[in-house]
Each structure stands twice: as C-alpha cells, then as structure tokens.
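What follows is a single structure, written as structure tokens, with notes after it.
What follows draws every value from the coordinates through simple rules; no lab data is involved. No experiment lies behind these values; they were computed from the predicted model shown. Note that we place each Cβ from the backbone using ideal geometry, even for glycine, and neighbour counts take in every protein chain shown.
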Amino acid sequence: MALPEAFIAKYQDLLGNESGPFFEALSGPIDKGFRLNPLKANREPVDLSLDKPIAWSKNGYFGQVSGKSIDHTTGLVYSQEPSAQFVAEVVDAKPGEKVLDLAAAPGGKSTQLAGQMQGQGLLWTNEIFFGRAKILSENIERFGVRNDIVSSADSKDLAKALPGYFDRVLLDTPCSGEGMFRKDPDAISYWSEGYPRECADRSEGILANAVKMLRPGGILVYSTCTFAPEEDEQMIAWLLKEYPDFELLAIDKVAGSGIADGRPEWADGNPDLKKTARLWPQDLPGEGHFVAKLQKSIDAEEVKAPKEQKADKLSADEASLLESFLAETVPGLAVDLSDLVRFGDRIFLMPEGCPAFGKIKILRAGLCLGTFKKKRFEPDHALALAVHPDETKQTFAIDDPADWAAYIHGEALNTKADLDKGFVLMTAGGNGVGWAKFVNGQLKNFYPKGLRH
C-alpha cells in the first residue's frame, strides 16, 4: 500500500515505537465479519459457520458473506467489518426507546441497533445524500426492520424538526476515513495533511445538531473510522468544553479484546479522555475505530416535544381491501388502521408515536405493507422480509436448489402443494424471502425485478 508521506510522518511522530506495528497492520490482510439478525424467525445460517465469534459484538462472527447466498438474501446476516460492530454495542439501544442514527448509510450500525430494539420503540435513521439513503433503506428492508423511519436530510433540518426527542443518538460522523485505507485503497486518494482538520470542522456542526436532538439524561455516542486525533479525542475535548452539561462515560473495553483507551495526550490532557475507546488494527482484527460515549445532564433544559405524525385515513373500499388482505395473508400481524401513512398508493405501518415528518424527505415510514392496485392490495417485498412464517396463513419452503435458483431469477414454480388461491410467503432457511401468488398449481413469482439474479 502506497501511503502518503505526510500520513507516515504524522503517525511516526504520534505513535513513536508503536508506528512499526501500525504500518505493518495496514499492509496486512483484511479481516471480514458479519452479524446474525436477531429479528429473524430462524437464526441458524445455511451457509456460514459460527465457530469464530467476535468478542466485542453480541451477534458478530468472523467470516465472509456471499451476497447471493440464502443467508444474505433473507436478511439473516449483515456483512460488517469487525471493529465497526463495537460502535452499536456501545450505544446499547433498549426496546421501547427513541433512537437516532444520524449519519447512517449504508446501514450496518442501524441494523445492529434495530436488532437490539426488537421491533419496539422508534428507530430513526438518516443519511444526507439521497443515493446513499436509498441503499440504507434497502438494507433496513432486507433486515426486516418494522419500526424504522429512513430520512434524507441535513442534520440542521432534523434538529429543527426533532429537538430534544431522542433517548439515544449515534453520530458515526463523516470522517477522513484513515481506517478505510486497507479496505478501500481509493480512500487514500482523498487524504491530505489538512483533510482531518477539514473533517473535524464539519463534524463540529453535525455534532452540535446531534446535541440538540437529545433529551435531558439521554446518551450520545460519537464514533469515527479514522485514527486522526483532530477528529477523535480533540473533538470530544471540544464537545465537553462547548457543552458543559455533558459527561463522558466509561466504555467497557471487553477484557482481552485488544480495545485500548483513548489518548488524553493527543487532546487537552484531560484524563477523562481515557474513557473513550480506540480499536487499532495492530491490536485486534479489524480496520480501526474510535468511540466515545457521553450523557446529557438530566437537569438540561427540556424543549417542547414535536407533534405526532397524523395517520392517513383510508376510504371504506381501501380499508375493506386491506383488512381482507391481512386476514387472508398475514393473520398473525397486528395492524391498527389508525397507524397507517401512505405515499402515493403505498401503505406504511408507522412506529407507535411517530413524530411529524414536516418537510423532512422520508424514504421509509415504518413497515411497508403493500400497494393498492385496481381493486386489490398487493403485498410489499418488505413485508415478506419482516414477518415470521408463523404470522402468515400460507408458506412454501424452497428446499430444492433448483427451485431457489428459479425463484430468485424471477421464474414461476409448479407445485402439488395443498395451497389456497392467494399470496404465499416463500421461505428459505426458515425465513421469508419473498411473495408468490398461488393459482392452479403454480406459484406466480413476485420477487422484485431489481433483486433478481
């Protein structure tokens, strides 16, 4: 790897005798990892081994995922770099809480938070760049998350709409990406000697907006995938100085894992900065991360809570169509018609107590149930990935490899199975993978065209 000379000089100066192992690690092999999805009905992988757990990640394992495998396609696993899995563990979201992932794409940490919340409460995931927000939304869908709002907005606009609203806020801030050099050599081309300072200046504004959205007593987790002190310890020192109602909390470094303390000597010398965590590539398998955990004072000033999003009322015919569909297809799914919002003809089941969207650009407003079409209701692919087989009336297990290949290619399947006319949840490895419609011995394929291969 051809590292910039200024980068080498900087870390030789900062790390001294430790710089040799650091640069050697950056030239070494890449460590792959994945997480199991606790939201799925069956949590036993079809293709992957679970014999190499990641010490600092509850559902994490070392190994490489194929994007065309059953495990990936059904959302049972999420491919995620090992050190990145530590961040959401520090957030430690609880069921029933209101949680924000402010810079969330592509969705690794968001899906991990969703697993912690177990479908209870509200998870709001945001990405300012719309193209990346679409990828985030797709990963939220594949993971089968029911209680997530996906938005594409500037942090200042979110802060204006959602002041003091969240119990926990994660800001995995856009950074100079030094921890990505080994994984993505193109990241090297963006780096310059002044780039970390530029990123830190930008992060100050985003962090200030994150602070505004946290309730008194709430938890803020700040993380980066860079080694730069300007973006790590120095950023936390700035926050503590700028916002004296915040306290830095100790992070469990997981004994024997190689996770190290932060370095006060690289900021203002405040010994509390040792409470932050550094994951170095020379100390553990992974690309590297920095994590800090802070709590807002319970005595901080409260602000007026945002109004709840108003549900969209269905016409009598639409309500009848939807109720019939639910009874005939997913009778085990609890749906309150007063919690529905529509985008065009698509119908979403909002998380309970969802705040008003206002002018925020929303990509996903909870669980997409489906779409109204001419005198019928057609289920969405998201619903197939979110429901458990026992919540549906009819399922068809794709056990034959030839049937699997045919189904994800978009072909109809012939069957002698005893099924009623209507929609059937297609399963693989015990989890939903998509829909088919059974008519006269044939399962008509509803697997999305954009996902076929």
Net charge (Lys, Arg +1; Asp, Glu -1) of residues whose beta-carbon lies under 9 Å from that of Leu337, Leu337 excluded, is -2
Checked the range 258-308 against the a/c 1.5 cut and the a/b vs b/c comparison, axes a ≥ b ≥ c from its Cα gyration tensor; verdict oblate
Over its alpha-carbon atoms, the range 132-236 yields an Rg and a Dmax in Å of 15.4, 43
Among GluC sites (Glu not before Pro) in the range 265-322, those in a DSSP loop whose Cβ has at most 12 other Cβ atoms within 10 Å are Glu301, Glu302
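Given axes a ≥ b ≥ c from the Cα gyration tensor, I'd like to know whether the range 1-74 is rounded (a/c under 1.5), prolate (a/b larger than b/c) or oblate. Walk me through the intermediate numbers first.
Numbers: a/c = 3.75, a/b = 2.71, b/c = 1.38.
The shape class here is prolate.
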Farthest towards the positive end of the dipole of the range 282-350, among Ala334, Ile298, Ile347 and with Cβ unit charges of +1 on Lys and Arg and -1 on Asp and Glu, lies the Cα of Ile298
Checked the range 82-175 against the a/c 1.5 cut and the a/b vs b/c comparison, axes a ≥ b ≥ c from its Cα gyration tensor; verdict rounded
With +1 at each Lys and Arg Cβ and -1 at each Asp and Glu Cβ, the charge dipole magnitude of the chain around its Cα centre, to the nearest 20 debye, comes out at 1520
To the nearest 10 degrees, the tilt of helix 316-329 (Cα long axis) against the first principal axis of the alpha carbons of the chain is 90
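What's the local net charge at Gly429, with K and R +1, D and E -1, over the other residues with C-beta under 11 Å away?
Values: positive: Lys40, Arg43; negative: Glu44, Asp47, Asp71, Asp399.
Taking every other residue near Gly429 into account, the sum is -2.
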Note, Ala25: beta-carbon cut-off 11 Å, +1 each Lys/Arg, -1 each Asp/Glu, net -4
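Suppose every K and R has +1 on its Cβ and every D and E has -1 on its Cβ; what is the size of the dipole of the range 66-119 about the Cα centre, in Debye to the nearest 20? Could the numbers behind the result be given before it?
On the way: 4 positive and 6 negative charges, 27 e Å.
The dipole magnitude comes to about 140 debye.
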Residues of the range 73-92 with backbone N under 13 Å of the label point set 7 Å from the Cα of Asp252 along Cα→Cβ are 89-92
Ordered by number, the trypsin sites (Lys or Arg not before Pro) in the range 347-453 that occupy a DSSP loop and have at most 15 other Cβ atoms within 10 Å are Lys359, Lys361, Lys374, Lys375, Lys416, Lys421, Arg452
Simple SL model, points at 7 angstrom along Cα→Cβ for Ala402 and Asp261; separation in nm is 6.5
Rounded to the nearest 10, the angle in degrees between the Cα long axis of helix 233-242 and the longest principal axis of the Cα atoms of the chain comes to 90
At R0 = 25 Å the Cβ-Cβ FRET efficiency linking Glu242 and Glu18, nearest 0.05, sits at 0.25
Between Lys52 and Ala417, the two model label points (7 Å from Cα along the beta-carbon direction) sit apart by a distance in nm of 3.5
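In the chain, what is the volume of the convex hull around the alpha carbon atoms, normalised per residue and reported in Å³? Before the final figure, lay out each step's value.
Values: hull volume 64.2 nm³, N = 453.
It is 142 Å³ per residue.
Rounded to the nearest 20 debye, what is the charge dipole size of the range 159-257 about its Cα centre when +1 sits on each Lys and Arg Cβ and -1 on each Asp and Glu Cβ?
On the way: 10 positive and 17 negative charges, 77 e Å.
Roughly 380 debye, rounded to the nearest 20.
Counting each pair of different Cα atoms once, what's the Kirkwood radius of the range 196-319 in Å, rounded to one decimal? Before the final figure, lay out each step's value.
On the way: mean 1/r = 0.0610 Å⁻¹.
When all Cα pairs of the range 196-319 are included, the Kirkwood radius is 16.4 Å.
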